[in-house]
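Note sheet for the following structure.
The values are calculated or read from the model by the stated rules, or taken from the named source; none is laboratory data. Since the structure is predicted, the reported quantities are computational estimates derived from the model, not experimental observations. Glycine gets a Cβ as well: all are built from the backbone with ideal geometry, and neighbour counts include every protein chain shown. Ligands, DNA and RNA are stripped out before the accessible areas are found, and what is left, the full protein with its side chains, is counted by its heavy atoms. Shrake-Rupley method; radii C 1.70, N 1.55, O 1.52, S 1.80 Å.
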2 protein chains.
Amino acid sequence: MSKKEALTRAAAELLWERGYTGTSPAMILERAHAGQGSMYHHFSGKAELAAAAMEHMSDQLRSRTEDALAGEESAVARVHAFLDLERDPLAGCRMGRLAQDYEIVADDGLRVTTADFFTWLGDRLSAVLAEGVRAGEFRPDTDPDVMASLIMATVQGGYVLARAHQDPAAFRRAVAGAKQVVASLVVSSGQG
Amino acid sequence: MSKKEALTRAAAELLWERGYTGTSPAMILERAHAGQGSMYHHFSGKAELAAAAMEHMSDQLRSRTEDALAGEESAVARVHAFLDLERDPLAGCRMGRLAQDYEIVADDGLRVTTADFFTWLGDRLSAVLAEGVRAGEFRPDTDPDVMASLIMATVQGGYVLARAHQDPAAFRRAVAGAKQVVASLVVSSGQG
DNA sequence: GTCTATATAACGATAGAC
DNA sequence: GTCTATCGTTATATAGAC
């Protein structure tokens, strides 16, 4: 593994664990077993390295998400598969946590990576929901965009609650609510 | 206003704007128009001042929340009033944002203030929902705890999405979803 | 490409005058 | 109670050897 890749991976880990403001170049160098020179040779500074690490994380998340949302099952099964993806509630969302960081939001180059991820995720969820509506699986008055927002927000908010309580159950309870809501949209379930 | 109060207010503002890690004592002193001595006379350090500021914010939020959830209206009206409270989506939640901060979660004394707030909020929402169920307003299979979690998570996640996109509409879309869900629980609406 | 040495500023806390 | 001066440490970046 090149030093550049080691730096990117170490930065990704630390951004996930401690956020952007809470991560220093020195921490990254130590975890990557690299010296100052390597970092400033490959990147202009902390922000550019963080941008690379965020792209890396975004790609990972998209890949994992697509595994759940693609496939031949019913729309409700695929949305449930997304909600049931293995997650670490106490760690938080790699993208969502960073969107709460002041310096990330203040730097458009960094923020846009999080925005693009959630745009992509919302579009994918909305598309699956719309498929379900067209197929007669979901009630025709289902609003795919609003429901996609609700699903994303529930997951993100679930992380917040779990971290506040330091209890993964808080995350699971919120996601359980989202699953109930999705299930309630299914026509054959008789809205009961 | 005493220096102690000025410091507490300034710290509360900065914690909201920049989080715990992103706020330095120097920033607080400048905004409070106070010197180092004032801060270290009244508080043992940054953590203790932050704790006081967080208690202050928690009290504010509880008061505002109670205004929406109390009253004589129907349960659905009160939950909708909570969801419709005036918020600044781009600023984020005073408590929720801090729960994403590494140093807050690492310091139990600080984290517990956020946990207590969400415990209180969840209990209040759950109580209102349970009232609605008992009154025959909500469907009898409504799970108040799960729905309270869903509502809290939607608001918290809405903040995350709005900050990522730098667009308050992302918050409003998620909250609109939560309102639809709550409305769908009402018996007289015919689940349609 | 990678390293260490160094620089400047900010961080968080303490000392001690008034 | 409030202030300024100062301390030791860390954050972020640059310089320059290899």
Within 9 Å of chain B (Cβ to nearest Cβ) and in a helix (DSSP H, G or I): is that true of A:L125 in this structure? no
Residue that is farthest from A:R163 (Cα to Cα) [pool: residues in the range A:88-99 that are part of a loop (DSSP other than H, G, I, E, B) and open to solvent by less than 10 Å² (accessible area, probe 1.4 Å)]: A:A99
What residue, of B:A178, B:A99, is within 8 Å of chain A (Cβ to nearest Cβ), closer than 30 Å to A:D116 by Cα and within 13 Å of the chain's Cα centre (by Cα)? B:A99
Run down B:M27, B:M39 and say which single residue is among the hydrophobic types (A, V, I, L, M, F, W, C), within 13 Å of another protein chain (Cβ to nearest Cβ), farther than 26 Å from A:L90 by Cα and within 16 Å of DNA strand D (Cβ to nearest atom). B:M27
Is it the case that B:T113 is surrounded by 20 or more Cβ atoms within 10 Å (Cβ to Cβ) and within 14 Å of chain A (Cβ to nearest Cβ)? yes
The lone condition B:P140 fails out of (1) within 9 Å of chain A (Cβ to nearest Cβ); (2) free of Cβ contacts under 8 Å to residues at least 12 places away in the same chain is (1)
Pairs, first free of Cβ contacts under 8 Å to residues at least 24 places away in the same chain in the range B:66-78, second of a type in the set (D, E, K, R) and open to solvent by 30 Å² or more (accessible area, probe 1.4 Å), C-beta under 8 Å, six or more apart: B:A68/B:D84
Please list, ordered by residue number, the helices (runs of 4 or more DSSP H) wholly in the range A:36-85 having 1 or more residues that are within 16 Å of DNA strand C (Cβ to nearest atom) and buried (at least 17 other Cβ atoms within 10 Å of the Cβ). A:36-42, A:46-69
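With A:T8, A:T21 as the choices, which residue is under 27 Å from B:T21 (Cβ atoms) and either touching a Pro at 6+ places or on another chain (Cβ under 9 Å) or within 14 Å of chain B (Cβ to nearest Cβ) (or both)? Full working, then the answer.
Details: A:T8 fails: either touching a Pro at 6+ places or on another chain (Cβ under 9 Å) or within 14 Å of chain B (Cβ to nearest Cβ) (or both).
Only one candidate qualifies: A:T21.
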Of the conditions (1) over 27 Å from A:E103 (Cα atoms); (2) assigned to a loop (DSSP other than H, G, I, E, B), B:T23 fails just one. Which one is it? (1)
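If I ask for residues that are closer than 27 Å to A:S24 by Cα and more than 8 Å from DNA strand C (Cβ to nearest atom), which ones from the range B:23-35 would you list? Step through it out loud before you land on a result.
So in the range B:23-35, the residues closer than 27 Å to A:S24 by Cα come out as B:23-31.
Selection gives B:I28, B:L29, B:E30, B:R31.
Collect the residues in the range B:128-167 that are assigned to a helix (DSSP H, G or I), of a type outside the set (A, V, I, L, M, F, W, C) and open to solvent by less than 40 Å² (accessible area, probe 1.4 Å), keeping them in residue-number order.
Within the range B:128-167, B:G132, B:P144, B:S149, B:T154, B:Q156, B:G157, B:G158, B:Y159, B:R163 meet the criteria.
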